[in-house]
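Colleague: So that we are looking at the same thing, I have put the structure below in structure tokens.
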Amino acid sequence: MNANGLGLHIVLTGAPGCGKGTQARLLRERIAVPHLSTGEMLREQAQTGSALGREIKALIDGGNLVSDEIIIKMLEKRIEKDDCKNGFILDGFPRTLPQAKVLDEVLTRRGITLDAAIEIQVPDEIIMERILGRYACMKCGQGYHDKYLKPKVYGVCDNCGGTEFYRRIDDNRTTVQNRLVNYRALTYPTIPYFESKGLLICVDGTGAIEAVAKKIENLLAVVHEK
């Protein structure tokens, strides 16, 4: 697959910690379309200190979901930007079946057709290990892991040379368990919805990062040829 901008509109889905963000960033480089992380957009808003930001922060810190109205407003504004004209990768949206249906409406109004919904499948015990061990560069946001993805030089970011790192406050065992419960109750129903529309692609996400990325790339090459 080349990186000339394939015009693909993709949803990456799966349980929290399945690797959506990591795979979205790798895929972004391969197909040259923006990675739209609703989680990152929400965390940015949560840091503003506004009334809305404080409300969002309380929900995120407790492992709870932000309202559909807030998410959809942010998303609609984002996909109107010029860099989304050739496609985008949605990471963290839709999180509920109503959101999936609203996404259809939003895209239809803009003449956009969703090309694929990729579910990255990972067992709960591996998800817990992944989430509790992850951290990121304070300066550029590059992600790392205590076990699976360490910087080449200890304490120095590979991407920008930064030396300060952070862990998300919601990356703790109690919150992760709550997020998994929320996922099964609220997000998982989107899987059969995408399947019914002929969009679902399932990928085993337990292998090495690059191996999983290659599986996704190969599957999307088939989608693009259709």
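Every read-out reported here was derived from the displayed coordinates using simple, explicitly stated rules and does not represent laboratory data. Note that the coordinates shown come from a computational prediction; the quantities given were computed from them, not determined experimentally. Here the Cβ positions follow ideal geometry from the backbone for every residue, glycine too, while neighbour counts run over all protein chains shown.
Colleague: Sort 152, 139 by Cβ crowding within 10 Å, fewest neighbours at the top.
Modeller: Ascending Cβ contact count within 10 Å gives the list 152, 139.
Colleague: Another question about this same structure. Give me, ordered by chain and number, the residues 5 or more places off residue 145 or on other chains with an amide H under 5 Å from its own placed amide H.
Modeller: The answer is 135, 150.
Colleague: A further question follows. Can you list residues from other chains, or at least 5 along the same chain, whose modelled amide H is less than 5 Å from the amide H of residue 165?
Modeller: 138
Colleague: Hey, another quick one. Would you mind ranking 157, 84 so that the residue whose beta carbon has the fewest other beta carbons within 10 Å leads the list?
Modeller: 84, 157
Colleague: At a Cα cut-off below 20 Å, give the aspartates and glutamates reachable from residue 101, other chains included and same-chain residues fewer than 8 away excluded.
Modeller: 68, 69, 76, 80, 91, 115, 119, 195
Colleague: Just in region 63-117: which GluC sites (Glu not before Pro) are loop by DSSP and have at most 15 other Cβ atoms within 10 Å?
Modeller: Those satisfying the criteria are 80.
Colleague: Can you tell me which lysines have their Cα less than 27 Å from the Cα of residue 150? Leave out same-chain residues fewer than eight positions away.
Modeller: 20, 139, 214, 215
Colleague: What ³J(HN,Hα) values, in whole Hz, does the Karplus curve 6.51 cos²θ - 1.76 cosθ + 1.60 give for region 93-104 when θ = phi - 60°, with x put for Gly and Pro?
Modeller: 8, x, 9, 9, 5, x, 4, 4, 6, 5, 4, 4
Colleague: Next up: Under 4.7 Å Cβ to Cβ, no partner at all: give me those cysteines from the chain, in residue order.
Modeller: Within the chain, the cysteines lacking a partner Cβ under 4.7 Å are 18, 84, 202.
Colleague: Right, here's the next one. Whose amide H sits under 5 Å from the amide H of residue 11, counting only residues 5 or more places off or on another chain, with H placed in the peptide plane?
Modeller: HN-HN under 5 Å from residue 11: 90, 116, 117, 118.
Colleague: Let me ask another. Round to a whole angstrom and tell me the spacing of the C-alpha centers of region 42-98 and region 192-226.
Modeller: Comparing the Cα centres of region 42-98 and region 192-226, I get a distance of 24 Å.
Colleague: Additional query: Students often forget the sequence filter, so: which aspartates and glutamates lie under 13 Å Cα-Cα from residue 57 once same-chain residues fewer than 8 apart are removed?
Modeller: 40, 44, 170
Colleague: Could you give each residue of region 22-34 its phi-based ³J(HN,Hα) in whole Hz, using Karplus coefficients 6.51, -1.76, 1.60 with θ = phi - 60°, and x for Gly or Pro?
Modeller: Karplus values, whole Hz, x for Gly and Pro: 4, 5, 5, 5, 5, 5, 3, 5, 6, 10, 6, 10, x.
Colleague: Step through the residues of region 160-168 one at a time and calculate ³J(HN,Hα) from phi using the Karplus curve (6.51 cos²θ - 1.76 cosθ + 1.60, θ = phi - 60°), rounding each to whole Hz and writing x for Gly and Pro.
Modeller: 10, x, x, 10, 10, 10, 8, 10, 5
Colleague: In Å and on Cα atoms, what radius of gyration and Dmax does region 1-111 show?
Modeller: Cα only, region 1-111: 14.2, 44 Å (Rg, Dmax).
Colleague: Next up: In region 134-170, what chymotrypsin sites (Phe, Trp or Tyr not before Pro) fall in a loop by DSSP, with at most 16 other Cβ atoms inside 10 Å?
Modeller: In loop regions of region 134-170 (DSSP not H, G, I, E or B), the sparsely surrounded chymotrypsin sites (Phe, Trp or Tyr not before Pro) are 148, 154.
Colleague: Highest mean first, what order results for 119-131, 30-42, 7-19 on Cβ atoms within 10 Å?
Modeller: For the peptides 119-131, 30-42, 7-19, the packing ranking is 7-19, 30-42, 119-131.
Colleague: In a Debye calculation with equal point scatterers on the alpha-carbon sites of the chain and no solvent, what is log10 I(q)/I(0) at q = 0.10, 0.12, 0.13, 0.15 Å⁻¹?
Modeller: -0.45, -0.66, -0.79, -1.08
Colleague: Moving to a separate point now. Of the DSSP beta bridges with both residues in the chain, give the percent that are antiparallel, rounding to the nearest 5.
Modeller: 30
Colleague: Right, here's the next one. Of 74, 46, 193, which is farthest towards the positive pole of the chain's charge dipole, taken about the Cα centre with +1 and -1 on the beta-carbons of Lys, Arg and Asp, Glu respectively?
Modeller: Result: 46, furthest along the dipole toward the positive end.
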